Every structure is written in C-alpha cells, then in structure tokens.
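Some notes on the structure that comes next.
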Amino acid sequence: MMFNPEDFQKLSPLPREFYNRNTVQVARDLLGCLLVHNSPEGTAGGVIVETEAYTQHGDPACHASRGMTPRNRVMFGSPGHAYVYFTYGMHYCFNAVTNAEGVGDAVLIRALQPLIGVELMQKRRGRERLKDLCSGPAKLVQALGMSKEQNGADLTSGPVRIFPWWDDVNNVVVTTRIGIREGTELPYRFYIKDNPYISKK
DNA sequence: GACCAGATTGTCT
DNA sequence: GACAATCTGGTCA
C-alpha cells in the first residue's frame with residue numbers, strides 16, 4: 001500500500017476533550033483511531049483494534065486504585081497524555097490518560113493493525129509477518145519504538161499522536177480483560193470483531 | 001490449536 | 001521479598 005507519512009501530519013489529533021470523558025466510553029471510541037509515533041528513526045503507526053479501560057474507582061486492577069505512586073503519577077495528570085509503564089522486567093505498555101485531571105484513569109492500547117512504517121516496525125520487532133508486529137500491548141510499543149521516554153508525552157502535540165481514522169467502527173466485541181488477577185469480571189475490554197490483528201480472542 | 005515454563009527487573013509492601 | 005495490564009519458544013495434539 002502506498003502511504004506518505006507526511007499526509008497524516010496535516011490531520012488534527014484527537015482533542016483533549018475526547019479523553020476528558022468516561023473512560024469506558026473513551027476505550028470504545030479509540031477503536032478505529034490511528035496511533036502514530038514520530039521518531040528520529042522514522043514514523044510508524046497503526047489503527048487501534050483492541051483496548052482496555054482501567055478506572056481508578058471500583059477497579060482493583062487499575063494501577064491508580066491504591067493511590068498515587070511515582071510510577072502511576074501521570075495517570076492523575078491531565079487527560080490526553082501518555083502513560084507508559086514497565087512490567088515483567090522487560091516490557092513496556094502504552095496507555096492514554098483519560099477522564100478528568102486528578103481521577104487516575106487510563107486506556108491500555110492492546111493491539112494495532114499495522115499501517116505506517118511497516119518496514120521499520122518489522123526491523124524493530126525482528127519479525128516479518130504483519131500479525132506479529134502489533135498484536136499485543138508490549139509488541140506495539142516495541143514496533144513503534146516507544147519506551148519510558150514517552151511517559152507523560154502530550155498526545156495532542158507531541159511525537160506520539162492519535163488521529164480519527166475509520167469513520168464507522170461496527171462489530172465491537174465487549175468482554176473481560178486479559179492478564180490481570182483482580183477485576184477480571186469487569187467488561188472493560190473492547191476489540192473489533194474478526195480483525196486479524198487483535199492479541200487474543 | 002492449547003498449554004506451559006522461562007526470561008528479567010522496576011516497583012511496592 | 002513477591003509480584004507484574006507480557007512475550008517467546010517449546011511440547012503435545
């Protein structure tokens with residue numbers, strides 16, 4: 001597919017008001033949006049096809065559920081910023097901070113459909129198949145070349161941005177979240193039905 | 001396909 | 001000291 005990375009630079013990123021809403025709603029609405037990272041190595045990105053909501057109130061799986069710590073402090077900051085955390089001794093995961101400032105909510109981006117900078121993502125991942133590039137929260141962070149450097153980045157004006165992309169996202173599946181021990185009963189995971197690039201059924 | 005062990009270290013109790 | 005919003009490569013079917 002032909003694609004000029006300059007093209008979407010002219011689009012308007014999702015405004016801060018988009019993120020300053022109910023977190024579960026934002027998680028649903030982020031499906032079909034385009035996540036892009038502009039790095040010195042080049043530009044890479046893809047369409048969001050899987051998300052999970054984490055809410056500070058009534059959600060024990062949320063990093064912010066037991067109050068502010070050095071790690072989770074950006075979750076309590078202004079919405080529309082990146083929360084990138086390190087886990088399992090080797091992986092990073094990317095979230096968008098949501099809801100009002102001071103609340104402590106975020107949406108975990110779990111999978112992308114690769115679209116921009118595919119060659120660069122293949123190189124970073126050491127994998128050829130498109131399905132192996134962004135089909136998991138730590139995979140997509142690696143493919144996009146992100147790390148703790150992007151923690152706290154402004155998604156409306158920084159090197160990491162999210163744009164409206166697909167107009168009508170239908171066939172959204174709502175289910176329970178993956179890889180957590182508490183809060184497993186909450187229906188906070190969203191993915192696009194039959195999309196081949198999600199992490200797991 | 002399903003299931004499982006191992007990797008590896010920042011973070012919090 | 002225990003654990004973690006994961007991934008990979010192995011086994012078995």
May I ask you to list the residues in the stretch A:41-54 that are under 24 Å from A:K193 (Cα atoms) and open to solvent by 10 Å² or more (accessible area, probe 1.4 Å)? A:Y54
Of these, A:R110, A:R66, which one is more than 15 Å from A:E149 (Cα to Cα) and without any contact (Cβ under 8 Å) to a residue 24 or more places away in the chain? A:R66
Does A:H63 count as closer than 23 Å to A:P159 by Cβ and either within 12 Å of DNA strand C (Cβ to nearest atom) or touching a Gly at 6+ places or on another chain (Cβ under 9 Å) (or both)? no
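Show me the strands (runs of 3 or more DSSP E) found entirely inside the stretch A:99-201 where at least 2 residues are of a type in the set (A, V, I, L, M).
The qualifying strands (runs of 3 or more DSSP E) are A:105-116, A:160-163, A:172-175.
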Please state which of the following conditions A:A82 fails to meet, knowing it meets all the rest: (1) aliphatic (A, V, I, L, M); (2) within 15 Å of A:A143 (Cα to Cα); (3) within 16 Å of DNA strand B (Cβ to nearest atom). (2)
Just give me the residues in the stretch A:92-121 being more than 12 Å from DNA strand C (Cβ to nearest atom) and open to solvent by 10 Å² or more (accessible area, probe 1.4 Å), in sequence order. A:N99, A:A100, A:E101, A:G102, A:V103, A:Q113, A:P114, A:L115, A:G117, A:V118, A:E119, A:L120
Subset of the stretch A:159-194 [in contact with a Leu (Cβ under 7 Å, 6 or more places away or on another chain) and open to solvent by 60 Å² or more (accessible area, probe 1.4 Å)]: A:R161, A:P164, A:W165
Positions within the stretch A:70-91 being open to solvent by 60 Å² or more (accessible area, probe 1.4 Å) and more than 8 Å from DNA strand C (Cβ to nearest atom), in sequence order: A:P70, A:R71, A:R73, A:F86
If I go through the stretch A:122-144 residue by residue, how many of them are open to solvent by 60 Å² or more (accessible area, probe 1.4 Å) and more than 11 Å from DNA strand C (Cβ to nearest atom)? 3
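So that you can scan it fast, the table gives a plain yes or no per residue for (1) touching a Phe, Trp or Tyr at 6+ places or on another chain (Cβ under 7 Å); (2) within 12 Å of DNA strand B (Cβ to nearest atom); (3) at pLDDT 95 or above:
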site	(1), (2), (3)
A:V49	yes, no, yes
A:A53	yes, no, yes
A:Q56	no, no, yes
A:C62	yes, no, yes
A:S65	no, yes, yes
A:M68	yes, yes, yes
A:R71	yes, yes, yes
A:V74	yes, yes, yes
A:S78	no, no, yes
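The values are calculated or read from the model by the stated rules, or taken from the named source; none is laboratory data. These numbers come from a predicted model, not from an experiment. Note: ideal-geometry Cβ built from the backbone for every residue, glycine included; neighbour counts use all protein chains shown. In case anyone asks, the SASA skips ligands and DNA or RNA and just uses the protein heavy atoms, side chains included. Shrake-Rupley method; radii C 1.70, N 1.55, O 1.52, S 1.80 Å.
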